[in-house]
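Q: First, the structure itself, so that you have it in front of you.
Read-outs throughout are calculated quantities, based only on the coordinates presented, and are distinct from any laboratory measurement. A quick note: this is a predicted structure, and the numbers were derived from the prediction, not measured. Neighbour counts are summed over all protein chains in view; Cβ atoms, including those assigned to glycine, are modelled from backbone coordinates with ideal geometry.
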Amino acid sequence: MDREICKSIILNDKKERKDIYEELKSYILENIPVLLFRYYPFNKYWRDIIFNGQLKLSKITAFNDIFEGRTFYNRFNLTYRMRRMLSIAPPPYEPEYYALRSFIYSADPATYNKKRYAPCKIEWAENVINRAEKELEHYSIVCFSENDDSILMWSHYSDCHKGFCIAYNTRVLLEKCDIIYPIIYDNNLSDESYSIICEYIPSVEGRGGTMSVHPDTKSGLQVRPLLFKTTDWSYEHEWRIIMKDTEFISASDAISHILLGALAKKEHNDKVDEITAWAKSHNKLLYQVSAAEQQNTLLRVPIYEPYKRRGRWYRYFD
């Protein structure tokens, strides 16, 4: 997976939004890893996570990165585009023209002048931005990594190697969501002034018809601010499922195998025994992670191998 290619697809504002989304989705489906990994501590939800396959999605406000979801909007550029849309005489019943008029009226009716639609105030641009930022609050995220042997990931997200890591089959996960996004690591913020108009100003169905959501909102660009992180986080090799107004996903059938942290048995022996019994009853691969003797790397030692026959190891992903 080349994340730079994903970046060039996502930031291509010369294409229609639906075309960008379909191109991105097609590239991801061709290059997504077979397995994605999620690290966990032994918290109060660990039984639901393993035994019930519960994936909990979190709001960006719960994340540990203060730059999460941060983006840049050029207020003057946005105001100029809105003014141009309102001041140029449109063809009869031009949808974008009437949609923008109706949107501004609904956002700021007190200062809206029905007889003169231009000039456009910068306060109206602020209303568009506020609506976009509030819309992001409705999205929830669950994060994965490409790697199961990252010392930093085990340290940061698995209670200093005392927790566990679950491998999920991406083919099964994609049956539960439309797309899994790779995170782009970049310290620069793109100007979202154009895309915000395309995504958050509704269109109108027919001549003066009822207001409806812009048809391109499924393009994935609504969540574009959630697809970028600073380069400091690049060690995570992160992927994300992003869904609207969703708290949990049931993914028990997506679990391929489980890895126990190097210190898990020492700190949580009873829980490890419980997981081992569950793995045997459900024919799930179970590994113990340990430190290599002569290198600062992590090794996987099999605890339970349900598909080992005649002394030969058959790797199996259900």
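Q: Let a ≥ b ≥ c be the square roots of the eigenvalues of the Cα gyration tensor of segment 145-196; is it rounded (a/c under 1.5), or, if not, prolate (a/b larger than b/c) or oblate? Before the final figure, lay out each step's value.
A: Numbers: a/c = 3.47, a/b = 1.47, b/c = 2.37.
Taking the square roots of the gyration eigenvalues as a ≥ b ≥ c, segment 145-196 is oblate.
Q: Rounded if a/c is under 1.5, else prolate if a/b is larger than b/c, else oblate: which is segment 255-304, with a ≥ b ≥ c the root eigenvalues of its Cα gyration tensor?
A: Cα axes put segment 255-304 in the oblate bin.
Q: Could you order the peptides 62-69, 236-243, 282-289 from most to least packed, using the average number of other C-beta atoms within 10 Å per residue? Intermediate values should be presented prior to the final figure.
A: On the way: 62-69: 13.0, 236-243: 21.2, 282-289: 18.2.
Taking the mean over residues of other Cβ atoms within 10 Å, the ranking is 236-243, 282-289, 62-69.
Q: Report, by chain and number, residues whose modeled amide H sits under 5 Å from the one on HIS257, excluding near sequence neighbours (fewer than 5 apart, same chain).
A: HN-HN under 5 Å from HIS257: ALA167.
Q: How far is it, in nm, from the label point at ASN187 to the one at VAL301 when both lie 7 Å from their Cα along the line to the Cβ?
A: 4.2
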